[in-house]
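K.L.:
Structure below; questions to follow.
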Amino acid sequence: AGPSASTRHLLASGMVSFGEYGLFWSGSTPPPLSSPPSRRSRKDANGPPPRQPQPRQYVFSARSNSEEPLFSSLRRAETFPDVLEALLGRNVASSNVGSALVIVAFALGGGNLLATGRWITFVACLSALAVVAVFEMKGSACLVCVAMVVFFTSTVLMGDTSVQWLATEAFVSLAALTILAMVLQMVQVDPRSHVMLREPCDVATEEVVIKNDCCMDVKLLLFDGTDICRLVPKGGLLGGVLISRGSSHVLGTKPPYFVKFYAPWERELGGFQVSGGKYSLRETAPALALSTSDSPCFTNGSDEHVAVCFCSTECRTCSLWLPLAPLLARLVWPVSHVAPQASLKLPTPCMLRVYSTGLFGALFQRANAVVRDQESAEYLGSIQWTHPPSKVRKSTSSLFKVVH
């Protein structure tokens, strides 16, 4: 039996980062039927128990390729991403396939320059591409592409190809794809770590608003909805918008948009394609829980020793555009080691960073959060996401109860 209308509504109101998983359901558990009488005043002893905020649950499912016939999918295709989706499968064209195709195209052009001995031209094109990526100079990018196509075509038409030429092209293309895969593996987190939930809106609008409901600041990179590469955002590699914890940002009124979110260490939290409406970026299993307190403190609620440092919110090490910011913060600010279930005073406001202990602990930042006045923080520990068995990839894969 198919999902009910309410389930389909919940399914349509949220999304997970493009990948092999989808958000199947999102909701809260029912409120408790009763609460301890000792925690209630005599005035409301006969009334209903107070309602407490409930944890939110997320259910993910493994995505599957479309079973629609190839001819029908191609006939309905209107854009190049539609063609990729028809040829390579649903949701595959929305992931990193476009980036891989562009990288391979440039690798073929660069490999041709190397194989034919045009070293100066190769260095010039590589430098031009770096400048294009930093400053988003689309016109210059077109000129570089045309130059590479002309050199590649002339080599083929003039018969300058050889076994060595083919080997060089294959090696450069394979090396480029390997580097791309390694970089993505290093910077991308599991797509189930963060979700984008659509907030209810009374009036239909094409304005796209995104709210950051994570406990940390995030960096937003904006791409056009028709951009299949998604390598250079609007404003270049040095561009982007800082969305502070709890604040909102208006993308524009001409959706669809494709957005990527980044955390310190240039960790990619996810990529989402959004249309008109209001959205909320949330963590599904937050490692830090923040709460209001008259005596702010940090509590290590995990079963492992951690190292913490409290950075000033005005320090440059809090910038999301500073490379290796967590490592620099570990070197600049004092570090305290906290045992399991131990606590220490928390100076607020501050940027809280939690690290692993050990010789290379500075390289492994477990969590970070922007702590405001009169707030306490508890480290709950991090989780390790696992992949479902291949025989049940179409079934529900994960169910996690986390602090809302």
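The values are calculated or read from the model by the stated rules, or taken from the named source; none is laboratory data. As the structure is a prediction and not an experimental result, all values here were calculated from the model. Cβ: placed from backbone, ideal geometry, glycine included. Neighbour counts: every protein chain shown. Calculation scope for accessible area: heavy atoms of the full protein, side chains included, ligands and nucleic acids excluded. Shrake-Rupley method; radii C 1.70, N 1.55, O 1.52, S 1.80 Å.
K.L.:
Name the pairs whose Cβ atoms lie under 8 Å apart, with the first residue in region 357-382 and farther than 20 Å from S343 by Cα, the second of a type in the set (A, V, I, L, M) and open to solvent by 10 Å² or more (accessible area, probe 1.4 Å), and 6 or more positions between them or separate chains?
P.N.:
Listed pairs, sorted by first residue: A362/L327; A362/L331; L363/L327.
K.L.:
Here's something else I'd like to know. Does M196 qualify as being of a type outside the set (V, I, T) and free of Cβ contacts under 8 Å to residues at least 12 places away in the same chain?
P.N.:
Spelling it out, it is not the case that M196 is of a type outside the set (V, I, T) and free of Cβ contacts under 8 Å to residues at least 12 places away in the same chain.
K.L.:
So, in region 349-365, of the ones that are modelled with pLDDT of 90 or more and under 25 Å from S247 (Cβ atoms), which residue ends up most open to solvent (accessible area, probe 1.4 Å)?
P.N.:
Restricting to residues being modelled with pLDDT of 90 or more and under 25 Å from S247 (Cβ atoms), the top hit is P349.
K.L.:
Give the residue that is least open to solvent (accessible area, probe 1.4 Å), with candidates limited to residues of region 201-216 that are in contact (Cβ under 8 Å) with a residue 12 or more places away in the chain and farther than 23 Å from P286 by Cβ.
P.N.:
Checking each candidate, the answer is V208.
K.L.:
Kindly establish whether G236 is small (G, A, S), over 13 Å from K278 (Cβ atoms) and touching a strand residue (DSSP E or B) at 6+ places or on another chain (Cβ under 7 Å).
P.N.:
no
K.L.:
Can you find even one residue in region 273-281 that is at positive phi and within 16 Å of the chain's Cα centre (by Cα)?
P.N.:
no
K.L.:
Also: Taking L290 as the residue in question, decide whether it is modelled with pLDDT of 90 or more and open to solvent by less than 30 Å² (accessible area, probe 1.4 Å).
P.N.:
Spelling it out, it is not the case that L290 is modelled with pLDDT of 90 or more and open to solvent by less than 30 Å² (accessible area, probe 1.4 Å).
K.L.:
Here is a follow-up. Select from region 176-194 the residues that are of a type in the set (S, T, N, Q) and closer than 21 Å to F24 by Cα and list them in ascending order.
P.N.:
If the condition is that a residue be of a type in the set (S, T, N, Q) and closer than 21 Å to F24 by Cα, then S193 is the only one that fits.
K.L.:
As an exercise: evaluate P191 against (1) open to solvent by less than 60 Å² (accessible area, probe 1.4 Å); (2) within 28 Å of F18 (Cα to Cα); (3) without any contact (Cβ under 8 Å) to a residue 24 or more places away in the chain and give the number of the one condition it does not meet.
P.N.:
It is condition (3) that P191 fails.
K.L.:
Please specify each residue of region 155-179 satisfying the condition of being farther than 20 Å from L101 by Cα, touching a residue at least 12 places away in the same chain (Cβ under 8 Å) and open to solvent by 60 Å² or more (accessible area, probe 1.4 Å).
P.N.:
D160, Q164 - these are the residues of region 155-179 that are farther than 20 Å from L101 by Cα, touching a residue at least 12 places away in the same chain (Cβ under 8 Å) and open to solvent by 60 Å² or more (accessible area, probe 1.4 Å).
K.L.:
Those residues that are free of Cβ contacts under 8 Å to residues at least 24 places away in the same chain and either within 18 Å of A105 (Cα to Cα) or of a type outside the set (V, I, T) (or both), I need them from region 117-136; list them, please.
P.N.:
G117, W119, F122, V123, A124, C125, L126, S127, A128, L129, A130
K.L.:
Kindly indicate the residue of region 336-348 that is among the hydrophobic types (A, V, I, L, M, F, W, C) and crowded, with 17+ Cβ neighbours inside 10 Å and also farthest from S295 (Cα to Cα) among those meeting that condition.
P.N.:
Taking the candidates together, the pick is V338.
K.L.:
Shifting gears a bit: State which residue is nearest to R56 (Cα to Cα) when the search covers only region 285-332 and only residues that are among the polar types (S, T, N, Q) and touching a Ser or Thr at 6+ places or on another chain (Cβ under 6 Å).
P.N.:
S291
K.L.:
Taking the residues in region 217-269 that are at positive phi and at pLDDT below 90 as candidates, determine which candidate is surrounded by the most Cβ atoms within 10 Å (Cβ to Cβ).
P.N.:
So, considering only residues that are at positive phi and at pLDDT below 90, the one surrounded by the most Cβ atoms within 10 Å (Cβ to Cβ) is R230.
K.L.:
Any idea which of A342, A369 is modelled with pLDDT of 90 or more and more than 26 Å from S244 (Cβ to Cβ)?
P.N.:
Testing whether each residue is modelled with pLDDT of 90 or more and more than 26 Å from S244 (Cβ to Cβ) leaves just A342.
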